[in-house]
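Just below is one structure, and these are the notes that go with it.
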Amino acid sequence: MPVRLRPVTETDLPALDGAESPYENFGPRAPRSAAHDPSLNADLGGLAVVDDSGALLGNVSWVWQRWGPNAQSRNPMIGIWLTSAARGRGAGTEAQRQLVDLFFLHTAVNRIEAHTDVENLAEQRALEKVGFQREGVIRGAQWREGAYRDGYLYSILRAESGAR
Ligand SMILES: CC(C)(COP(=O)(O)OP(=O)(O)OC[C@H]1O[C@@H](n2cnc3c(N)ncnc32)[C@H](O)[C@@H]1OP(=O)(O)O)[C@@H](O)C(=O)NCCC(=O)NCCS
């Protein structure tokens, strides 16, 4: 399904509430505290996902992680949420593919991560279709729906992405 990524606007905010998915139920949060900074280097950033007519489908987001003291050891961990009507038509795969391409094209990062619940089969499959590899179980790290949850850590490296 053709999608585009664009900066989030003020009018998008009410729709980007992460509703209708147990995998986005992180408890109360202010709309403006969600990740909507379009700069790829923002510690916490995000972009809107729209279809080819411009209709809002959801959003992608990222938070920068660090694996050591050097700036070169930082990497974004990406996330996504689509409205229930937008799911299951390839938009999640395509939006994450485009986000990965943006990071490899416009930053020098070598690694992009994603983390998803062990029960979230749709996101696991979407990540694998983009080219992410599953690295292992991250135990009890994510607080969601009133409990600590196990998830899988995924990554894709620059050399695996076809990017230079
Ligand atoms: C997870 C999500 C981003 C996936 O995007 P999507 O557009 O629905 O998925 P796609 O249509 O691109 O499908 C990707 C693959 O997953 C499969 N899939 C889709 N829904 C599935 C489900 N409920 N169970 C198992 N597989 C599923 C598809 O069949 C496809 O694989 P295939 O091409 O081999 O058949 C989307 O469903 C969503 O936003 N869900 C709610 C929020 C969420 O879970 N976000 C991720 C939190 S980490």
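One residue alone among G68, G54, G90 is under 18 Å from Q124 (Cβ atoms) and out of contact with any Asp or Glu (no Cβ under 6 Å at 6 or more places or on another chain), and that residue is G90.
Residues in the range 129-162 that are aliphatic (A, V, I, L, M) and closer than 23 Å to E20 by Cα: A141, A147. You will find that of A71, A55, the residue that is surrounded by fewer than 18 Cβ atoms within 10 Å (Cβ to Cβ), more than 11 Å from the ligand (Cβ to nearest atom), at pLDDT below 95 and among the small types (G, A, S) is A71 and no other. Please determine whether any residue of the range 88-110 is under 18 Å from S21 (Cα atoms), among the polar types (S, T, N, Q) and in contact with a Phe, Trp or Tyr (Cβ under 7 Å, 6 or more places away or on another chain). Looking for residues that are under 18 Å from S21 (Cα atoms), among the polar types (S, T, N, Q) and in contact with a Phe, Trp or Tyr (Cβ under 7 Å, 6 or more places away or on another chain), one finds none in the range 88-110, hence no. Taking the criterion of being in a loop (DSSP other than H, G, I, E, B), within 24 Å of R74 (Cβ to Cβ) and in contact with a Phe, Trp or Tyr (Cβ under 6 Å, 6 or more places away or on another chain), the only residue of the range 120-155 that qualifies is F132. Answer with yes or no whether Y154 is among the hydroxyl-bearing types (S, T, Y) and under 18 Å from E94 (Cβ atoms). Judged against the criteria, Y154 is a match. Limited to the range 75-99, what total is found for residues that are surrounded by 20 or more Cβ atoms within 10 Å (Cβ to Cβ) and closer than 14 Å to G45 by Cβ? Of the residues in the range 75-99, 6 are surrounded by 20 or more Cβ atoms within 10 Å (Cβ to Cβ) and closer than 14 Å to G45 by Cβ. In the range 103-119, the residues that are in a helix (DSSP H, G or I) form Cβ pairs under 8 Å with partners that are of a type in the set (V, I, T) and more than 16 Å from the ligand (Cβ to nearest atom), at six or more places apart or across chains, as follows: F103/V109. Summed over the range 79-102, the residues that are within 6 Å of the ligand (Cβ to nearest atom) and outside any loop (DSSP other than H, G, I, E, B) give a count of 7.
The values are calculated or read from the model by the stated rules, or taken from the named source; none is laboratory data. Worth saying up front: this structure is predicted, and the values here are computed from it rather than measured. Here the Cβ is made from the backbone with ideal geometry for all residues, glycine too, and neighbour counts use every protein chain on show.
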